[in-house]
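Notes to accompany the following structure.
The values are calculated or read from the model by the stated rules, or taken from the named source; none is laboratory data. Predicted model, so just to flag it, every value in this text is computed and none were measured. Note that we place each Cβ from the backbone using ideal geometry, even for glycine, and neighbour counts take in every protein chain shown.
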């Protein structure tokens with residue numbers, strides 16, 4: 001009788017059913033695992049040095065805006081918009097993501113905690129997304145507060161400061177999501193050199209290629225962010241910033257950034273699940 005039961009359990013249909021039930025159970029537990037990792041990472045990164053860096057990221061654009069405002073404000077047309085767009089969605093977000101997202105995988109490898117954290121079913125995905133969300137939260141909050149402080153300081157000499165503030169909040173959110181997914185993908189592909197590669201990409205891909213008046217700049221995140229920022233501020237087509245941008249509808253740029261973010265996260269998850277990492281000695 002026991003042999004018959006064992007043979008029944010080993011039938012292909014029963015094996016497939018068991019696998020499907022295990023996969024369903026794993027999917028149901030995955031959000032809770034991701035939330036647990038996010039909470040743990042938030043507590044672990046909530047240290048005085050990290051808080052000092054977080055505060056520095058928030059204050060830096062405000063200090064620059066105060067210095068410019070003390071000398072009479074930006075004199076070029078759309079000068080305030082240019083400056084705030086560079087300082088907040090780019091400088092603040094890039095530095096925050098380099099600190100909280102790029103070293104995520106390498107930190108676990110260097111700390112020899114990788115195998116313990118990924119031994120459980122779904123542990124790799126939970127680790128990836130939990131640390132990713134934690135990095136996004138630190139970065140986007142720094143960006144939002146930095147944008148608010150910078151606009152507040154520049155308010156007296158800034159035309160339509162409410163519209164600038166809203167445009168900065170939107171581009172900070174989109175920049176954090178897009179660049180965060182890119183940095184996470186790089187962290188899974190080349191964990192030990194992730195920060196160096198991310199810095200090189202930002203300088204070459206986003207700063208150099210993103211500002212070239214050619215078709216290649218449409219492949220960069222900067223191209224879509226700058227278009228969204230200009231559209232939010234209702235800048236005319238003949239504005240200086242339009243030299244490297246276009247008049248594509250806003251929804252196309254939003255869709256491009258959404259697809260970019262989702263694709264890179266999926267690629268990062270695939271790399272993390274299939275690749276074997278070597279821990280440090």
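What about residue 252, is it free of Cβ contacts under 8 Å to residues at least 40 places away in the same chain, part of a helix (DSSP H, G or I) and within 26 Å of residue 105 (Cβ to Cβ)?
Details: free of Cβ contacts under 8 Å to residues at least 40 places away in the same chain: yes; part of a helix (DSSP H, G or I): yes; within 26 Å of residue 105 (Cβ to Cβ): no.
For residue 252, the condition - free of Cβ contacts under 8 Å to residues at least 40 places away in the same chain, part of a helix (DSSP H, G or I) and within 26 Å of residue 105 (Cβ to Cβ) - is not met.
If residue 107 passes every condition in (1) touching a residue at least 12 places away in the same chain (Cβ under 8 Å); (2) closer than 23 Å to residue 267 by Cβ but one, which one does it miss?
All conditions pass for residue 107, except number (1).
Based on what the data block shows, is residue 140 in contact (Cβ under 8 Å) with a residue 24 or more places away in the chain, under 12 Å from the mean Cα position of the chain (by Cα) and surrounded by fewer than 23 Cβ atoms within 10 Å (Cβ to Cβ)? Walk me through how you get there before you give the answer.
Values: in contact (Cβ under 8 Å) with a residue 24 or more places away in the chain: yes; under 12 Å from the mean Cα position of the chain (by Cα): yes; surrounded by fewer than 23 Cβ atoms within 10 Å (Cβ to Cβ): yes.
Yes.
Filter segment 188-200 down to residues that are closer than 20 Å to residue 92 by Cβ and in contact (Cβ under 8 Å) with a residue 40 or more places away in the chain and give me whichever is surrounded by the fewest Cβ atoms within 10 Å (Cβ to Cβ).
Filtering segment 188-200 for residues that are closer than 20 Å to residue 92 by Cβ and in contact (Cβ under 8 Å) with a residue 40 or more places away in the chain, the one surrounded by the fewest Cβ atoms within 10 Å (Cβ to Cβ) comes out as 199.
Among the candidates 158, 174, single out the residue that is at pLDDT 90 or above and buried (at least 17 other Cβ atoms within 10 Å of the Cβ). Reasoning before the result, please.
Values: 158 fails: at pLDDT 90 or above.
The conditions single out 174.
Would you please name the residue that is surrounded by the fewest Cβ atoms within 10 Å (Cβ to Cβ), looking only at residues in segment 212-224 that are closer than 12 Å to residue 246 by Cα and in contact with a helix residue (DSSP H, G or I) (Cβ under 6 Å, 6 or more places away or on another chain)?
Looking at the filtered set, the residue picked out is 213.
Could you grab me the full set of residues in segment 233-253 that are modelled with pLDDT of 90 or more and either at positive phi or surrounded by 16 or more Cβ atoms within 10 Å (Cβ to Cβ) (or both)?
253
So for segment 226-240 (the condition being free of Cβ contacts under 8 Å to residues at least 60 places away in the same chain, part of a helix (DSSP H, G or I) and out of contact with any helix residue (DSSP H, G or I) (no Cβ under 7 Å at 6 or more places or on another chain)), does at least one residue qualify?
The answer is no, given that none of the residues of segment 226-240 is free of Cβ contacts under 8 Å to residues at least 60 places away in the same chain, part of a helix (DSSP H, G or I) and out of contact with any helix residue (DSSP H, G or I) (no Cβ under 7 Å at 6 or more places or on another chain).
Looking at (1) at pLDDT below 95; (2) under 24 Å from residue 217 (Cβ atoms); (3) buried (at least 24 other Cβ atoms within 10 Å of the Cβ), can you tell me which one residue 131 breaks?
(2)
Return the residues of segment 47-72 that are in contact (Cβ under 8 Å) with a residue 12 or more places away in the chain and more than 16 Å from residue 142 (Cβ to Cβ); say none if nothing qualifies.
66, 68, 69, 72
What do you reckon, is residue 70 exposed (fewer than 12 other Cβ atoms within 10 Å of the Cβ) and either at pLDDT below 85 or within 22 Å of residue 206 (Cβ to Cβ) (or both)? Spell out the reasoning first.
Details: exposed (fewer than 12 other Cβ atoms within 10 Å of the Cβ): yes; either at pLDDT below 85 or within 22 Å of residue 206 (Cβ to Cβ) (or both): yes.
Criteria met by residue 70.
When you look at residue 8, is it modelled with pLDDT of 90 or more and assigned to a helix (DSSP H, G or I), yes or no? Spell out the reasoning first.
Values: modelled with pLDDT of 90 or more: no; assigned to a helix (DSSP H, G or I): yes.
It is false that residue 8 is modelled with pLDDT of 90 or more and assigned to a helix (DSSP H, G or I).
Listed here are the residues, each with its yes/no results for (1) more than 21 Å from residue 180 (Cα to Cα); (2) at pLDDT 85 or above.
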{"position": "14", "(1), (2)": "yes, no"}
{"position": "26", "(1), (2)": "yes, no"}
{"position": "32", "(1), (2)": "yes, yes"}
{"position": "57", "(1), (2)": "no, yes"}
{"position": "99", "(1), (2)": "no, yes"}
{"position": "109", "(1), (2)": "no, no"}
